[in-house]
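Heads up, the thing below is written out as structure tokens.
The values are calculated or read from the model by the stated rules, or taken from the named source; none is laboratory data. None of these values were measured; they are calculated from a predicted model. We place every Cβ from the backbone using ideal geometry, glycine too, and count neighbours over all the protein chains shown. Heavy atoms of the whole protein, side chains included, go into the accessibility calculation; ligands, DNA and RNA do not. Shrake-Rupley method; radii C 1.70, N 1.55, O 1.52, S 1.80 Å.
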Amino acid sequence: MLEIKNLQASVEDKEILKGLNLEIKPGEVHAIMGPNGAGKSTLGYVLSGREGYEVTDGSATLGNDDLLDMEAEERARAGLFLAFQYPVEIPGVSNLEFMKAAVDAHMEARGEELMSSAEFLKAAKLACKQVNLPLEFLKRGVNEGFSGGEKKRNEIMQMLLLKPSLCILDESDSGLDIDALKVVAEGVNSQRDPKRSFIVVTHYQRLLDYIKPDYVHVLSDGKIVKSGDASLAKELEAEGYAWLEGYDVEEADA
Amino acid sequence: MSAYLANAIEQGQLVNDWLTPKRLGSMALLQQTSWPTRKTESWKYTSVRSLEKKTFERGTTNDEHAFSSIAGLDAIELVFVNGVLQQLPEGLPAGLSIASLENVPESTQVWAREQFNVAKPSQHLFGLVNDVLADNGVIVDVAEGVTIDTPIHLVNLVSENNETQQRVIVRVGQNAKVTMIEHNTGSVESLVNHVAEYFVEESAELELYRFSFRTEKALTVSGAHVQLAKKAKLNATIVGFGSELSRMDLDVLHRGENAFAKINAIYLLAKGEHFDLHSTIEHEIGHCVTDETVRGIVGEKATAVFNGRIHIHRDAQKTLAELNNKNLLLTDDAKINTKPELEIYADDVRCAHGATVAELDKSALYYMTSRGVSRDTALVMLNFGFINALVDEMPNAVLAEWLRPILKERFVKMNAEL
């Protein structure tokens with residue numbers, strides 16, 4: 001499914017990823033944990049093709065596709081989905097028309113016949129219901145004036161509509177209360193499928209109580225420094241990240 | 001003096017018709033006017049160099065032009081080709097009369113001559129040129145208390161190397177209502193000078209649309225000058241594309257208490273285009289309202305000019321006036337010169353003005369492409385989002401439906417250039 005080899009990337013000439021290796025098979029859920037500044041969000045941005053994130057070495061393939069050689073929109077159509085830590089507000093573009101355009105682009109890329117507006121509206125309403133998002137949010141500008149929790153649920157709503165093969169959830173738990181967290185987790189769990197894989201990026205173990213990972217990796221200073229099963233997350237919760245080599249506790253607190 | 005102006009004066013001296021008594025005054029002013037340079041305040045950011053040495057043909061050819069009516073809109077069509085009205089519409093609704101400028105009945109001449117230059121201030125250079133040269137156009141009169149449901153759609157089509165000097169005078173009688181659509185289109189080297197004066201009488205309503213879609217070498221100077229009487233209402237929508245030279249002067253004169261003006265303007269400029277909107281709102285009397293919203297998107301190496309003046313006279317107490325200008329620059333070399341000017345001489349008024357300039361939101365673009373939406377589609381959606389609020393506010397839904405795909409096509413062109 002996803003194969004990342006020796007991935008090195010920098011932002012504004014600052015090296016963030018320093019040789020990251022990761023292999024994810026279909027149906028697996030991998031959690032990536034680590035202190036602030038380790039490069040967790042950068043990994044999502046690099047894989048999804050954000051401008052300004054320069055890959056200096058290594059490779060990343062999704063199925064047979066060389067991700068790093070594709071535009072952001074092509075990566076999405078190839079099945080990659082990033083749930084943003086901070087979803088962007090787009091006044092003037094309604095959630096509904098945005099998602100129709102996105103779903104259209106996916107179907108067009110697969111050579112399928114496009115959904116009619118009525119069919120799409122039905123699907124969108126269902127997705128909203130699943131993440132407990134009021135239907136009027138479809139008419140509002142994308143994320144415009146949404147609360148933190150509503151934005152996160154809107155991300156999952158988009159994921160439900162786009163049916164990606166690889167979902168990267170970037171701190172989808174941050175800023176959520178326990179009820180919202182459960183809604184997000186239920187949305188994700190409903191999509192678990194032998195053909196679909198997840199990367200769950202999180203600072204805290206809490207989300208992993210609800211989305212059970214197959215593997216947990218610790219990312220520190222741009223590399224994966226430790227991998228294990230779900231029990232590793234529990235260990236981290238107990239011990240924190242202070243044991244990491246070269247990790248400055250004070251800096252992380254700042 | 002430029003060759004263009006000298007020629008205009010020379011030609012103007014040959015004009016002799018029912019408007020001559022009014023034209024003479026303008027001729028005297030024009031002869032004292034100098035050709036604008038960068039030092040001329042009202043032309044500081046708009047160069048008239050492309051017109052300076054030009055001479056065009058006027059009203060001599062009657063070429064074929066492709067023109068299609070607005071789909072789904074039942075309208076009274078006034079199609080001008082090189083200033084020649086193709087057909088004077090017949091069977092007009094009761095209470096509406098339309099006369100061609102060259103053939104105005106005596107009774108209409110009397111009031112139209114009286115109103116000539118009453119709404120249009122004398123400081124506009126090309127307004128003066130139009131005063132002395134205008135040889136085509138229409139005089140529209142809506143009788144007291146009559147609502148004309150069918151919009152009047154005036155179109156100018158101009159052939160290469162042609163010039164048209166058009167004058168429109170519209171009187172909306174007391175308690176009457178009418179919709180005017182003025183539509184200039186084309187891209188060949190030519191000049192349109194289109195000046196219209198509208199007199200909206202007590203408790204009357206004017207719904208006005210100005211589509212200035214002339215691009216490339218199609219030079220355009222135009223004026224829309226509206227006088228509002230007591231309780232009169234104006235709802236205006238202006239949409240401008242740019243060309244080598246495209247300038248519109250908008251004047252709204254509040255001359256009766258409780259008059260109301262809502263003005264929405266949009267400009268969308270593709271690569272290298274220039275568009276200049278100078279708007280002046282005169283609150284001469286109290287208790288009137290102005291609500292003006294101007295939004296523009298400026299593409300690569302294009303320049304927009306917006307000068308929005310609101311002048312609240314000493315006696316215009318209890319005025320409510322708002323002016324807002326928002327701009328989106330698509331590239332680093334796109335340019336906007338925006339200047340809101342509030343001049344207030346009354347002490348009991350509520351006024352607000354503001355101008356903002358934003359760049360393309362790259363994080364929004366990334367967010368949209370990360371969902372599989374192509375960059376081009378995302379750009380069109382973002383641009384459209386920025387101005388769609390104003391299209392939504394157009395009172396005529398059929399016209400809004402017609403306009404949306406035209407604007408979308410425009411965005412596709414603007415984005416393709418990025």
Quiz item: Here are B:ALA389, B:ALA416: which of them is more than 8 Å from chain A (Cβ to nearest Cβ), out of contact with any helix residue (DSSP H, G or I) (no Cβ under 7 Å at 6 or more places or on another chain) and surrounded by fewer than 18 Cβ atoms within 10 Å (Cβ to Cβ)?
Solution: B:ALA416
Quiz prompt | Unique residue being open to solvent by 30 Å² or more (accessible area, probe 1.4 Å), assigned to a loop (DSSP other than H, G, I, E, B) and within 26 Å of B:GLN31 (Cα to Cα) when the list is B:GLU102, B:GLU114, B:GLU144, B:GLU90 | solution = B:GLU102
Self-check item: Pairs where the first residue, in segment A:118-130, is closer than 19 Å to A:GLU155 by Cβ and the second is surrounded by 13 or more Cβ atoms within 10 Å (Cβ to Cβ) and acidic (Asp, Glu), C-beta under 9 Å, 6+ apart
Solution: A:PHE120/A:ASP104; A:GLN130/A:GLU186
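Only one of A:MET99, A:MET33, A:MET107 is crowded, with 18+ Cβ neighbours inside 10 Å and facing chain B (nearest Cβ under 10 Å). Can you tell me which? First the steps, then the outcome.
Values: A:MET33 fails: facing chain B (nearest Cβ under 10 Å); A:MET107 fails: crowded, with 18+ Cβ neighbours inside 10 Å.
Result of the check over A:MET99, A:MET33, A:MET107: A:MET99.
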Quiz prompt | Flag if B:GLU292 is closer than 30 Å to B:PHE411 by Cα, part of a strand (DSSP E or B) and either touching a residue at least 12 places away in the same chain (Cβ under 8 Å) or out of contact with any His (no Cβ under 8 Å at 6 or more places or on another chain) (or both) | solution = yes
Quiz item: Which residues, taken from segment B:147-158, are in a strand (DSSP E or B) and among the β-branched types (Val, Ile, Thr)?
Solution: B:THR147, B:ILE152, B:VAL155
Quiz item: Is there any pair linking a residue in segment B:203-227 that is on the phi > 0 side of the Ramachandran plot to one that is assigned to a strand (DSSP E or B), with Cβ under 8 Å and at least six apart or on different chains, and which?
Solution: B:GLU216/B:SER243
Quiz item: Do you know which of the residues in segment B:320-375 that are within 12 Å of another protein chain (Cβ to nearest Cβ) and either surrounded by fewer than 14 Cβ atoms within 10 Å (Cβ to Cβ) or aromatic (Phe, Trp, Tyr) (or both) is farthest from B:GLU300 (Cα to Cα)?
Solution: B:TYR367
Practice problem: Tell me which residues, restricted to segment A:37-91, are open to solvent by less than 60 Å² (accessible area, probe 1.4 Å), assigned to a loop (DSSP other than H, G, I, E, B), out of contact with any helix residue (DSSP H, G or I) (no Cβ under 7 Å at 6 or more places or on another chain) and facing chain B (nearest Cβ under 10 Å). | Solution: A:GLY52, A:ALA78, A:GLY79
Practice problem: Could you figure out which of (1) within 14 Å of chain B (Cβ to nearest Cβ); (2) not in a helix (DSSP H, G or I) isn't true of A:ASN154? | Solution: (2)
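Being part of a strand (DSSP E or B) and under 15 Å from A:VAL142 (Cβ atoms) is the filter here; which residues of segment B:345-373 pass it?
Just the residues of segment B:345-373 that are part of a strand (DSSP E or B), to begin with: B:350-359.
Scanning segment B:345-373 gives no hits.
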Exercise. Being closer than 20 Å to A:PRO87 by Cα, open to solvent by less than 10 Å² (accessible area, probe 1.4 Å) and touching a residue at least 40 places away in the same chain (Cβ under 8 Å) is the filter here, so list the residues in segment A:171-198 that pass it.
Key: A:SER172, A:VAL184, A:GLY187, A:PHE198
Exercise. Would you confirm whether any residue within segment A:120-141 is within 12 Å of chain B (Cβ to nearest Cβ) and open to solvent by less than 50 Å² (accessible area, probe 1.4 Å)?
Key: yes
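Is it the case, given these coordinates, that B:ASN258 is farther than 20 Å from B:ALA355 by Cβ and either part of a strand (DSSP E or B) or touching a Gly at 6+ places or on another chain (Cβ under 7 Å) (or both)? Spell out how you get there, then give the answer.
Details: farther than 20 Å from B:ALA355 by Cβ: yes; either part of a strand (DSSP E or B) or touching a Gly at 6+ places or on another chain (Cβ under 7 Å) (or both): no.
Judged against the criteria, B:ASN258 is not a match.
Going by the structure shown, is B:LYS408 assigned to a helix (DSSP H, G or I), more than 14 Å from chain A (Cβ to nearest Cβ), open to solvent by 70 Å² or more (accessible area, probe 1.4 Å) and modelled with pLDDT under 95? Working first, answer last.
Working: assigned to a helix (DSSP H, G or I): yes; more than 14 Å from chain A (Cβ to nearest Cβ): no; open to solvent by 70 Å² or more (accessible area, probe 1.4 Å): yes; modelled with pLDDT under 95: yes.
Against the criterion (assigned to a helix (DSSP H, G or I), more than 14 Å from chain A (Cβ to nearest Cβ), open to solvent by 70 Å² or more (accessible area, probe 1.4 Å) and modelled with pLDDT under 95), B:LYS408 does not qualify.
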